[in-house]
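Below is one structure, written out as structure tokens, with a few remarks after it.
The values are calculated or read from the model by the stated rules, or taken from the named source; none is laboratory data. Keep in mind that what you see is a predicted model, and the values were worked out from it rather than measured. Cβ atoms come from the backbone with ideal geometry, glycine included; neighbour counts cover every protein chain shown. Note: accessible area is taken over every heavy atom of the protein model, side chains too, but ligands, DNA and RNA are not part of it. Shrake-Rupley method; radii C 1.70, N 1.55, O 1.52, S 1.80 Å.
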Amino acid sequence: MTWLACAFGTEIKTKSGDIELHFRDSYSNSPLTFKFIEGDTEKTGKISICTDDMTVAGDLVQAIAESFNMSNLQSVAYFPTEMKEFQTTLNLVEECNATRLRMQADVADNSNLIKGFVIKAEDARLLNNMTMVKSMYAKLFELNQDLIDEYKKRANNHAELLKHLKVVNVMIQKAAKLRTGKFKTQVVQESRKAIKAKNIHTLIDIFRQGSAAVPT
């Protein structure tokens, strides 16, 4: 209780056993609850922080770990509201990636068309068929305009993807801050692997339990 008294500037008198303390976040006016569950020994007790704000929870975890010199601290986190919003972000990332792949395929198809038109135009020139030459170059001009439009769409899609990935990165940092030491590092590493493997929906499991592996 000494840490709570110092951290919140208040005198806390309690007896042994499970303890539940209620506060209110002065910034957001949202409720904040601490639950201390007594274990058989000092090392088997548990602390539960109840708040809807991952950032607040992370700050408190870091403060507790520093105060009690806990270099490796694991936690289980459940933030349904933030995870629901984050799920929307993950869906947008998938949509942007799907759009990017489709556009890449379209560019490849157009590149083949360009080669075909250039060859036909050159053959027509050698045969002195100027009508065909004009027709092929007219098609090339139209196709070039299409490629310019597609490039603009790809650029916009890439900008959208980067915007959503920044949100993902912020969430990874917030989730990592709910742990310390090797467990904090594990969250970051597994999250990066999930993104690289295009398995981004496992991020929610990693954020919740600190690992993509199902706990036994």
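Test residue 95 against the criterion of being more than 17 Å from residue 207 (Cβ to Cβ) and open to solvent by 90 Å² or more (accessible area, probe 1.4 Å), and give yes or no.
Taking the combined requirement at face value, the residue satisfies it.
Identify, from the list 41, 88, 33, the residue that is open to solvent by 60 Å² or more (accessible area, probe 1.4 Å) and either modelled with pLDDT of 85 or more or not in a loop (DSSP other than H, G, I, E, B) (or both).
The unique qualifying residue is 88.
Just to be sure before I move on: is residue 142 acidic (Asp, Glu), out of contact with any Pro (no Cβ under 7 Å at 6 or more places or on another chain) and surrounded by 14 or more Cβ atoms within 10 Å (Cβ to Cβ) in the structure I sent?
Judged against the criteria, residue 142 is not a match.
State which residue is surrounded by the most Cβ atoms within 10 Å (Cβ to Cβ) when the search covers only the range 145-168 and only residues that are farther than 23 Å from residue 90 by Cα and not hydroxyl-bearing (Ser, Thr, Tyr).
147
Yes or no: residue 146 acidic (Asp, Glu), in a helix (DSSP H, G or I) and more than 30 Å from residue 79 (Cα to Cα)?
yes
In the set 182, 193, which member is open to solvent by 80 Å² or more (accessible area, probe 1.4 Å), under 16 Å from the mean Cα position of the chain (by Cα) and at pLDDT 90 or above?
Unique residue meeting the criteria: 193.
Of these, 71, 75, which one is open to solvent by less than 70 Å² (accessible area, probe 1.4 Å), of a type in the set (Ser, Thr, Tyr) and not in a helix (DSSP H, G or I)?
On the way: 71 fails: open to solvent by less than 70 Å² (accessible area, probe 1.4 Å).
75 is the lone residue from the list that is open to solvent by less than 70 Å² (accessible area, probe 1.4 Å), of a type in the set (Ser, Thr, Tyr) and not in a helix (DSSP H, G or I).
Only one of 171, 132 is open to solvent by less than 90 Å² (accessible area, probe 1.4 Å), without any contact (Cβ under 8 Å) to a residue 40 or more places away in the chain and assigned to a helix (DSSP H, G or I). Can you tell me which?
Only one candidate qualifies: 132.
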